[in-house]
Amino acid sequence: MIFDHAKVALVDSIAREGLLPVNPYYAPDGETIPLIYYYTWHFLASQLKMLSAINGWSAEVAFNWFTGFAVIGFLSGLAIRISQKVMAGFFVLLLGICAQPFVLTDFFGEWIAGKLLLPDHPAEVLWLQMAWVPQHVLSALAVLMGLFLMARLLTKTTLQPVYAAILGLTVATGFGASTWVGGIGLAFASPILLLAILLLRLPFVQYLTLIKNSLIALGMTTLFSLPLLISQVSGPSLAESQLPFGFEIYNSTALASREVFKGQLIHIIAFWVQYLPLSLGISYLLGIFGLFAYRGQNEEARNFHYLSVAGTIGFLLVTLFIKSTFWNNSFGWRAVLPPLMLLLIWAGVAASLPYTAVLTHWREKALFVRWRRAIPVILTCGITIGILATIRIMHLPLHFQNATPEEISLHQGFLKQYQAWETVRTLTQPSDIVQSNPDGYLALTPWPATLPYALFADRKIAYANIEYATVFAYRYDAEKNKQQYQIIRSAFAAPVEAKTLLTLRDQYNIKALLVDQHDSIWQSPYIEQSGVYQLAYQNDDYKVYLANKP
């Protein structure tokens with residue numbers, strides 16, 4: 001599990017056709033449409049592809065690793081800076097490889113597992129999010145860097161144009177990498193961050209200077225967010241579109257129903273005392289203790305501490321009460337990233353407490369500080385459970401050990417798709433629209449995805465699959481979307497009518513068809529006999545057809 005499979009086609013699309021990015025997954029009626037999605041991470045990966053002359057898949061993996069190292073380096077460095085102890089950074093690394101403890105609950109029997117099993121998508125730990133959605137992780141990193149820069153700007157009494165400009169670029173990066181995390185999530189969490197700034201009770205001149213610096217930052221953010229904003233508002237009218245998010249209490253526990261008021265209260269409480277501990281483990285517990293037992297030793301540290309508390313609470317409240325309204329709750333799954341990173345930092349700081357001789361920057365009367373000698377034992381138990389959970393997750397795909405001949409054949413066919421799409425690229429132009437079976441290879445992954453196209457094609461497609469055509473073009477006509485899907489999928493089933501192929505060529509502007517041995521049409525001569533498409537290449541595994549001129 002090294003990629004959110006959809007990213008590679010986006011990276012290829014930007015490298016191939018530039019900005020503003022076009023939608024590589026869906027071409028309604030053969031029209032090339034803009035990408036309604038955030039793409040800063042994908043743009044950076046596309047530049048890596050172009051500079052190093054590698055394919056999109058390799059660029060995605062490489063930039064994924066780069067993002068991961070940047071994130072863990074920043075978190076470790078910040079923990080060291082706060083605690084003034086190198087071991088705090090080491091603890092962040094250890095905590096960062098731990099997984100969700102809830103995956104171990106099934107070892108304690110069906111009754112306990114049924115009570116503790118999380119009914120909704122868990123709050124994934126950092127390494128899982130990094131493997132899956134590095135664009136959201138980059139956005140969360142930008143949010144944390146923004147808090148760090150804001151903490152420093154709050155100490156200034158004179159205009160700081162350089163810091164302000166960097167802050168503006170950082171916010172633009174967060175918004176561009178993930179509209180969920182660095183856009184909508186940050187907007188909803190902002191009132192709590194503003195409250196924390198006011199609670200600092202700084203001199204008036206510092207607040208006035210902050211406003212001036214913020215205006216510079218706002219200008220930079222707006223300027224560098226314009227390309228993404230243009231993409232986001234492109235296509236059908238926003239006034240006629242449904243909001244991509246709404247208000248709903250997170251499904252946190254199996255102990256109560258959200259249908260009644262009492263059940264809703266239980267879910268709100270369970271979010272903090274069951275869902276987050278079982279999802280984030282020892283990082284959540286130590287991080288909370290560290291946040292509320294710490295006392296900043298200087299003005300900048302105090303500022304960052306206040307902003308950390310506000311950021312953690314603010315984004316967790318956003319996760320609790322706001323969700324995506326189409327396809328899945330991607331918003332709730334990703335909005336947890338900034339508090340997750342903050343908790344990792346402060347858990348690392350808290351873990352170094354027993355080795356701190358001077359407690360001037362800790363609340364000495366806090367129970368956590370008075371019992372600090374127990375922290376190594378708690379930490380050892382928590383990390384052991386977390387690493388066992390990681391091992392458990394890494395061994396989840398055991399079902400393939402008993403694969404059927406059909407499953408083995410499907411996986412072998414997938415490997416041959418690399419060469420198949422290379423052939424398609426040889427026979428077509430970079431701007432051409434191509435098509436493979438939108439239902440092809442859906443059984444290859446636990447989620448329905450045309451994985452070979454997303455990884456290997458490096459071409460626009462008229463209809464990738466239902467998920468991609470919906471998520472990346474959610475404002476376009478849903479009925480037309482379904483109709484195009486049904487027509488295209490029928491072209492890969494035998495028998496296929498000539499008028500269907502005419503629709504593909506003349507209405508959907510499809511220049512090439514890729515058919516492989518797993519498609520129903522494979523053994524049939526209908527496409528060749530139609531006169532609409534001609535066979536351009538064939539081997540034992542796949543065929544490529546090119547459109548004849550009308």
>> I'd like the orientation of helix 405-427 relative to the chain: the angle between its Cα long axis and the longest Cα principal axis, in ° from 0 to 90, rounded to 10.
In response: 80 degrees
> Which order do peptides 62-74, 22-34, 337-349, 356-368 fall in by mean Cβ count within 10 Å, highest first?
Replying inline: 337-349, 22-34, 62-74, 356-368
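Starting from the alpha-carbon convex hull of the chain, give the projected area averaged over all orientations, in nm².
About 28.1 nm², averaged over all directions.
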> According to the square roots a ≥ b ≥ c of the eigenvalues of the Cα gyration tensor, what is the shape class of segment 25-100, taking rounded for a/c under 1.5, prolate for a/b larger than b/c otherwise, and oblate for the remainder?
Replying inline: prolate
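Can you give the calculated 222 nm mean residue ellipticity of the chain, where each DSSP H run of n ≥ 4 adds -39,500 (n - 2.57) and the sum is split over every residue, rounded to the nearest 500 deg cm²/dmol? Could you put the intermediate results ahead of the total?
On the way: 24 runs with 311 residues, N = 550.
Estimated from H runs of four or more residues: -18000 deg cm²/dmol.
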>> Restricting to Cα pairs below 8 Å that are 6+ residues apart, what does the relative contact order work out to for the chain? Please round to a whole percent.
In response: 20 percent
> For segment 380-524, how big is the tail of P(r) above 24 Å, as a whole percent of Cα pairs?
Replying inline: 41 percent
> Among 514-522, 267-275, how do they line up from the highest to the lowest mean number of other beta-carbon atoms within 10 Å?
Replying inline: 514-522, 267-275
>> For Ile433, what residues show an amide H to amide H distance below 5 Å, using hydrogens built from the backbone and excluding near sequence neighbours?
In response: Lys511
> Under the classification rounded if a/c is under 1.5, otherwise prolate if a/b is larger than b/c and oblate if not, where does segment 223-297 fall, given a ≥ b ≥ c as square roots of the Cα gyration tensor eigenvalues?
Replying inline: oblate
> Applying the Karplus parametrisation 6.51 cos²θ - 1.76 cosθ + 1.60 with θ = phi - 60° to the phi angles of segment 378-385, what ³J(HN,Hα) value in whole Hz is obtained for each residue in order, glycine and proline being reported as x?
Replying inline: 4, 5, 4, 4, x, 5, 4, 4
>> Please give me the summed charge of the neighbours of Ala494: other residues whose Cβ is under 13 Å from its Cβ, Lys and Arg +1, Asp and Glu -1.
In response: -2
>> Would you report the distance distribution of C-alpha pairs in segment 485-550 as whole percents per 5 angstrom bin, up to the bin with the largest distance?
In response: 4, 19, 33, 29, 12, 3, 0
>> For a quick check: with amide H placed at 1.01 Å from N, whose amide H comes under 5 Å from Phe245's, ignoring anything fewer than 5 positions away on the same chain?
In response: Thr325
>> Rounded, prolate or oblate for segment 144-252? Axes are the square roots of the Cα gyration tensor eigenvalues, ordered a ≥ b ≥ c, and the cut-off for rounded is a/c under 1.5.
In response: oblate
> Under 5 Å between amide H atoms, partner at least 5 residues away or on a different chain: which partners does Thr356 have, H built in plane at 1.01 Å?
Replying inline: none
>> If packing is taken as the average number of other Cβ atoms within 10 Å across a peptide's residues, how do 451-460, 77-86, 91-100 rank, most packed first?
In response: 451-460, 91-100, 77-86
> Where Lys and Arg each count +1 and Asp and Glu each count -1, what net charge lies around Thr503 among other residues with Cβ under 11 Å from its Cβ?
Replying inline: -1
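Computed from the coordinates by the stated procedures, all read-outs in this text should not be read as laboratory data. No experiment lies behind these values; they were computed from the predicted model shown. Every residue, glycine as well, gets a Cβ built from its backbone with ideal geometry; the counts of neighbours run over all protein chains shown.
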